[in-house]
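Engineer: Starting off with a structure, shown below.
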Amino acid sequence: MSSYNVSNSSYPNELVRDVFGDLCIDKRRFNSSGLKNAGVPSFVAEWLIDKIIQGNAELGIADIEKINNFVRKAFPRKDDRHVLNFKLTQGEVLKIIALMQVRVSIENKGDRIPEPFATIPSLNIEECRIGVDLVERYENLLRQGLWGKISLSMQADGIVEVIDFDPFQCSEINLTEYAKARSQFTTEQWRDLMFCSMGFNPELAAYSNTAKSWVLARLLPLVEANYHIMELAPKGTGKSFIFENISNKVALISGGKVTPARLFINGKNREIGLLGRHDVVVLDEVQSLTFENPDEIIGPLKNYLASGRYNRSGFADISSDCSLVMLANIELDQQLRPRNEFNLLQDLPKFFSETALLDRFAGILPGWEIPKFKTEAIATQVGLKTDFFGEALLALRRDNRFASYVSQHTSFDKNTTIRDQQAIQRSASGFLKILYPHLELTLIDYQRDCLEPAIRLRQIVRDQLYHLDDEFKQNGKIIYAEVK
């Protein structure tokens, strides 16, 4: 039992513990640990906290000190590189916690079979030797990489080698058990559990059911493959919070320059770009990003958004199921509405207003309807551990039953375009996965919690298209869809 006082709470803390056991955590343990300030993502930090200080009790001063002492030793800083190199030359075995990736060069090297090599980006360590057995055991090292405890030593030939690796991240998710767990909660309880697991306080009065729906909509790119969405909101609503913390399969680009090589493929070294390696790519602060050679980005990007494939630099088509999220700040008027609702994209780089690009997004999330993310908005309840939560959401991508349900129970007006229909169906399927993973619901539930917010997301896109290009006026302004 937790020492926290939850007796007056309507949130089902004990039910969450009973159903999920070790897969849940009191979110206050992470918030009080200080690991957020240390730059440790939630999906790693919550794992560490439970390993170092087991149980549900509130962290005391001694507990917090123990956790942070461990982190200081296990999470070396970038400027520790030469210190670590010296220790390796002295025969020490280093044990650090970091993200590790493995690459294989296929350049022609005569009759010698290329060996895999490991990189540790946080320390700028490249080309460590790593055994094939470790790579075969943890195949995701070859994709986005994995966080874990890495043991390094210098071999007699002077090459640094990864001699052991213990990953932190959750293994395969059993979606049948996940669905059974959902059956033990009411819809309201489950919605609040999802909300809390994202790091938000579901009991804060400022979060209406509508606001909660829009916060949960940030999960749609995780549960739906090749799902592309924009969120436009004022500063301080927590747009990037979940993407920074939920999984290393989510790549967040905040500020700086976006190049074709970084996004698609590097023509010089043939390294696949972010869209080909991750499940979700998030471009944050889009209004201030610099896009190098926009023409080289927009063409392949439009093709990718429509088909899930892209090519560049003469390479064969690359297929990916990566979802693309674009986050941007917009200004509101005194009524807390966008200053220009008919041209929400006016402060973004000009090519975002190109209708052929905009039409390929499933929706625009109305972030102006989400309250500011303040201290009291931080979760204080028992939620799912972030690594498990993220893996469960991503696992739902592969379940086609939800798309079948949506197709069976949704009808559209004859003037609704194919892209409108597909966008609404994808969004509705995503909400269904988030809120009803057990697929036990009424048609009223489906309409209220899935179809209506899905229509709204796409309607905002349609509104922009309607006012930007006369071609889109022939089908009318309003999208009509209903439950059947």
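The values are calculated or read from the model by the stated rules, or taken from the named source; none is laboratory data. Just so it is clear, the structure is predicted and the values come from calculations on it, not from any experiment. Note that each Cβ is placed from the backbone with ideal geometry, even for glycine, and that neighbours are counted across all protein chains shown. Note: areas computed on protein heavy atoms with side chains; ligands, DNA, RNA excluded. Shrake-Rupley method; radii C 1.70, N 1.55, O 1.52, S 1.80 Å.
Engineer: Determine the order of SER42, SER288, SER411 by accessible area, beginning with the largest, at a probe radius of 1.4 Å.
Structural biologist: SER288, SER411, SER42
Engineer: Give me the percent of Cα-Cα pairs in the stretch 268-349 that sit more than 19 Å apart, rounded to a whole number.
Structural biologist: 49
Engineer: Right, another one. Once you've got the Cα coordinates, tell me which of LYS51/LYS257; LYS73/LYS249; LYS302/LYS414; LYS73/LYS372; LYS149/LYS374; LYS27/LYS235 are over 29 Å apart.
Structural biologist: LYS51/LYS257; LYS73/LYS372; LYS149/LYS374
Engineer: Given R₀ = 51 Å, FRET efficiency for LYS484-LYS374 by Cβ-Cβ distance, to 0.05?
Structural biologist: After rounding to 0.05, the efficiency reads 0.75.
Engineer: Give, rounded to the nearest 20 debye, the magnitude of the charge dipole that the stretch 124-266 has about its Cα centre when Lys and Arg contribute +1 at Cβ and Asp and Glu contribute -1 at Cβ.
Structural biologist: That gives the stretch 124-266 a dipole magnitude of about 740 debye.
Engineer: For the chain, what does the helix formula give at 222 nm: sum of -39500 (n - 2.57) over DSSP H segments with n ≥ 4, over the residue count, nearest 500 deg cm²/dmol?
Structural biologist: Per the formula, -10000 deg cm²/dmol.
Engineer: In addition: Got a sec? What order do ILE478, ILE130, ILE173 fall in by accessible area at 1.4 Å, biggest, i.e. largest, first?
Structural biologist: Reading off the accessible areas and sorting them downward yields ILE478, ILE173, ILE130.
Engineer: OK, next. Could you compute the FRET efficiency for ARG143 and ASN293, with r as their C-beta to C-beta distance and R0 at 22 Å, rounded to 0.05?
Structural biologist: In this case the efficiency is close to 0.25.
Engineer: Note the per residue figure in Å³ for the convex hull of the C-alpha positions in the stretch 285-415.
Structural biologist: Convex hull volume per residue, Cα atoms: 223 Å³.
Engineer: Follow-up. Leaving out ligands, DNA and RNA, and with a 1.4 Å probe, what % of the accessible surface on the stretch 145-299 is carbon or sulfur?
Structural biologist: 45
Engineer: To continue, here is another question. Report the extension gain between GLU271 and GLU244 in nm, rounded to one decimal, defined as 0.36 nm multiplied by the number of residues separating them, less their alpha carbon distance.
Structural biologist: Additional length available on full extension: 7.4 nm.
Engineer: Output the Kirkwood hydrodynamic radius of the chain, Cα pairs only, in Å rounded to one decimal.
Structural biologist: For the chain, the Kirkwood estimate is 24.1 Å.
Engineer: Ignoring ligands, DNA and RNA, what accessible area per residue does the stretch 170-248 give at 1.4 Å, in Å²?
Structural biologist: Using a 1.4 Å probe on heavy atoms only, each residue of the stretch 170-248 averages 31 Å².
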